[in-house]
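Below is one structure, written out as structure tokens, with a few remarks after it.
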Amino acid sequence: MNSQENKRLLVVSAHPDDMEFGCGGTVAKWIEEGWEGSLLICTDGRAGTSDPDVKGADLAKTRETEAINAAKVLGILDVNFLEYPDGQLEDTPELRENIIRHIRRFKPSVVFTFDPYRKTHNHRDHRNVGQATFDAMYPYARDYHHFPHLIDEGLMPHIVEEAYSWTDDADTWIDITESIDRKIGALREHVSQIKDPDSLLERIKERHAELGKDQGFQYAEGFRVHKFRW
């Protein structure tokens, strides 16, 4: 089965707004074209504020609601939370198992996540989620005898065909001219994170215009695409 037959995409992010910044335009575009999407958010986002008066537990609840609402703007209704502590995410067997479990449950042909080897400095949570997700895709989600208790849960091995990592070293660009407004609309749902949305979102549009310029697109998102060879 190839991605033309299995039109399912999974986004694995560290924080509740990562998908929208990293691949929101592409996700919206593909879902409009008939793909089904799922989002897995690994941390609770409770550290995403500089306000000392905000309680972490309260912010985590707010960010969960914002993430669900933002995903709906892009067309994703299947949103899942692992609730690891924000800023303390480690690349552990437990994290990999949780990502494998979701891959085997949703059975995507394409997974979007962070580039764990980004050349510029990468947030630790982003780096660890990216690495754990790549390891989960290959070989663990594919192989029967890795994490065998998942078989007892009814989660049979699944092959992911491609990974799209958002990065500063892209080799593939997606035209998001028709979907950038949904990307921006999804970002606007993250009210707790974006205090000056007009200014920030205008800079985002400028960035995507710059990415699209050499590709002949008005707006683009860039990825490094890894095709798994089995």
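For every helix of n ≥ 4 consecutive DSSP H residues, a contribution of -39,500 (n - 2.57) applies; sum these over the chain, divide by its total residues, and give [θ] at 222 nm rounded to the nearest 500 deg cm²/dmol.
-12500 deg cm²/dmol
Taking the DSSP beta bridges in the chain as the whole, what percent of them are antiparallel, to the nearest 5?
If we restrict to bridges inside the chain, about 30 percent are antiparallel.
Return the distance in nm (one decimal) between the two label points of a simple spin-label model at residue 50 and residue 72, each offset 7 Å from Cα along Cα→Cβ.
Taking the two extended label points, one gets 3.1 nm.
Quick check on my link table: of 7/213; 183/205; 29/107, which ones sit more than 18 Å apart, alpha carbon to alpha carbon?
7/213; 29/107
May I ask for the percentage of alpha-carbon pairs in the chain that lie more than 29 Å from each other?
Tail of the P(r) past 29 Å holds 23 percent of the pairs.
Sorting check: for 33-46, 197-210, 152-165, which peptide has the highest mean count of neighbouring beta carbons within 10 Å, and how do the rest follow?
In decreasing order of mean packing, 33-46, 197-210, 152-165 become 33-46, 152-165, 197-210.
Each residue of segment 29-35 in order: what ³J(HN,Hα) in whole Hz does its phi give by Karplus 6.51 cos²θ - 1.76 cosθ + 1.60, θ = phi - 60°, with x for Gly and Pro?
Calculated HN-Hα couplings, in order: 4, 5, 5, 4, 8, x, 6 Hz.
Can you give me the Cα centroid spacing of segment 24-59 and segment 66-111 in angstrom?
For segment 24-59 versus segment 66-111, the Cα centre distance is 10 Å.
When only C-alpha pairs under 8 Å and at least 6 residues apart count, what is the relative contact order of segment 75-141, in percent?
In percent, rounded to a whole number, it is 43.
Quick one: what are the phi-derived ³J(HN,Hα) couplings along segment 180-192, Karplus 6.51/-1.76/1.60 with θ = phi - 60°, whole Hz, x for glycine and proline?
5, 5, 6, 4, 5, x, 5, 4, 5, 6, 8, 4, 5
Could you give the length gained by full extension between residue 144 and residue 191, i.e. 0.36 nm per residue of separation minus their alpha carbon distance, to one decimal place?
This chain segment gains 12.7 nm when fully extended.
If I take every Cα pair under 8 Å that is 6 or more residues apart in the chain, average their sequence separation and divide by the length, what percent do I get for the relative contact order?
25
Hey, can you rank 174-180, 97-103, 52-58 by average C-beta count inside 10 Å, highest first?
97-103, 174-180, 52-58
Let's see if you can work this out: charge +1 on each Lys and Arg Cβ, -1 on each Asp and Glu Cβ, no other charges. What is the dipole magnitude of the chain about its Cα centre, in debye to the nearest 20?
Around 340 debye, computed over the chain.
Using the per-residue mean of other Cβ atoms lying within 10 Å as a proxy for protection, in what order, highest first, do the peptides 213-221, 88-96 fall?
Going from most to least packed, we get 213-221, 88-96.
Each value in this text was obtained by applying a stated rule to the coordinates, not by laboratory testing. All values derive from a computational prediction rather than experimental measurement. Every residue, glycine among them, receives a Cβ derived from its backbone with ideal geometry; neighbour counts consider all protein chains shown.
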